[in-house]
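Read through the structure below, which is laid out as structure tokens, and then see the notes.
Values quoted throughout were computed directly from the atomic coordinates according to the rules given, and no laboratory measurement underlies them. Since the structure is predicted, the reported quantities are computational estimates derived from the model, not experimental observations. Note that we place each Cβ from the backbone using ideal geometry, even for glycine, and neighbour counts take in every protein chain shown.
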Ligand code: NAD
């Protein structure tokens with residue numbers, strides 16, 4: 001059977017944990033060669049050991065997505081060893097508590113740097129090759145939190161909204177180069193990040209999906225080259241409605257939901 005990602009080299013940022021790690025297994029299972037990037041060697045070594053044990057192909061490099069030069073060097077090295085990158089999964093991300101009081105612009109900025117500028121840096125590292133070959137797909141992992149700012153998540157939501165806008169801009173321009181863009185907005189997925197978030201807000205996160213289920217859905221959307229995919233649909237609908245409602249009503253609903261989440265923890 002011909003797999004949709006057969007022999008495509010897929011660069012995954014933040015591949016050492018959670019969604020990125022699961023993407024590596026799911027895409028490798030569908031024929032992709034995995035080019036894994038993360039901040040530390042140990043999780044990447046473990047990932048590649050497990051991939052190789054299943055006869056999957058790949059390689060890894062350490063790079064911080066906020067460091068354009070280091071990221072470019074990592075991509076050059078992976079390309080030399082594995083071949084040109086045809087699929088980017090810009091997934092690396094962080095979530096910090098970012099309350100209004102006390103408001104810390106530094107924490108806001110850190111999230112913009114990793115979750116938004118990091119996506120732009122990852123795109124810059126792979127896009128020239130894709131444009132030259134007239135072939136490729138850019139995937140960015142945003143969040144349903146992109147639809148409107150949520151309590152304690154100012155930096156995270158602002159960065160994820162930025163990712164949606166960034167991809168909207170590129171998608172239209174890149175079609176004539178045969179480079180596809182896919183923006184993905186998941187709701188809560190069970191990963192080390194959501195475990196940390198639940199501890200941070202001392203609360204319970206609603207409707208959490210298992211990571212294998214969530215990644216399977218995302219890979220299906222990517223294989224269909226969907227321009228935009230938000231899921232599960234009910235979370236997407238709630239957030240989209242909140243955006244469409246008058247602001248006062250949206251604020252009242254978000255306030256109520258946040259209080260209930262924190263109380264139920
Ligand atoms: P995670 O914390 O389990 O994994 C994130 C990975 O990114 C880690 O391996 C981390 O080392 C890496 N990373 C962080 N900063 C980096 C940097 N500067 N350079 C390179 N790598 C870096 O988190 P996750 O839940 O798997 O999240 C993955 C992505 O999915 C993030 O962008 C997150 O915002 C997004 N997302 C997650 C959820 C969820 O509920 N888990 C929901 C919506 C969107």
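For the stretch 211-265, what is the convex hull volume of the alpha-carbon atoms per residue, in Å³?
So the per-residue hull volume is 88 Å³.
Pairs of Cα atoms under 8 Å, at least six residues apart: use those to get the relative contact order of the chain, whole percent.
Relative contact order for the chain comes out at 17 percent.
Could you give me the radius of gyration and the Dmax of the stretch 159-265, taking only the C-alpha atoms into account and expressing both in angstrom?
Looking at the stretch 159-265, its Cα Rg and Dmax stand at 16.2, 51 Å.
Any idea what angle helix 18-29 forms with the longest principal axis of the chain, computed on alpha-carbon atoms, 0 to 90 degrees, nearest 10?
Approximately 40 degrees, to the nearest 10.
Rounded to the nearest 0.05, what FRET efficiency is calculated for residue 228 and residue 258 with R0 set to 25 Å and r the Cβ-Cβ distance?
It comes to 0.45.
Report the calculated FRET efficiency for residue 124 and residue 248 (r = Cβ-Cβ distance, R0 = 45 Å), to the nearest 0.05.
0.65
Taking Cα atoms, how many degrees apart are the long axis of helix 68-82 and the longest axis of the chain, rounded to 10 and kept between 0 and 90?
Rounded to the nearest ten degrees, it is 40.
Identify which of 238, 72, 113 has the largest mean-square fluctuation in a Gaussian network model of the chain, with springs joining Cα atoms closer than 10 Å.
Its mean-square fluctuation being the largest, the pick is 238.
So what are the three principal axis dimensions of the chain from its Cα atoms, in whole Å, longest to shortest?
52, 40, 38 Å, listed from the longest principal axis down.
Per-residue ellipticity at 222 nm for the chain, helices alone: DSSP H runs ≥ 4 residues times -39500 (n - 2.57), over residue total, nearest 500 deg cm²/dmol?
Here the helix-only value at 222 nm equals -16500 deg cm²/dmol.
Want the number for residue 6 to residue 173: 0.36 nm per residue separation, take away the alpha-carbon distance, what's left?
Length gained between residue 6 and residue 173: 57.5 nm.
When the chain is modelled as a GNM with alpha-carbon springs shorter than 10 Å, which of 70, 92, 161 fluctuates the most?
Result for the chain, Cα springs under 10 Å: 70 fluctuates most.
Calculate, axis by axis, the spread of Cα positions in the stretch 20-152 along the three principal axes, and write the results as whole Å, longest axis first.
Projected onto the principal axes, the Cα atoms of the stretch 20-152 cover 50, 34, 26 Å.
Could you work out which residue, out of 234, 82, 205, moves most in a Gaussian network model of the chain, that is, has the largest mean-square fluctuation with Cα springs under 10 Å?
Of 234, 82, 205, the Gaussian network model singles out 234 as fluctuating most.
Could you compute how fast the stretch 84-182 diffuses translationally, taking Rh as the Kirkwood radius over C-alpha pairs and applying Stokes-Einstein at 10 °C with viscosity 1.306 mPa s? Give it in µm² per second.
Roughly 113 µm²/s, to the nearest whole number.
Calculate how steeply helix 247-264 sits against the longest principal axis of the alpha-carbon atoms of the chain, using the helix alpha-carbon long axis, and give the answer as 0 to 90 degrees to the nearest 10.
80 degrees
Output the Kirkwood hydrodynamic radius of the stretch 1-98, Cα pairs only, in Å rounded to one decimal.
13.3 Å
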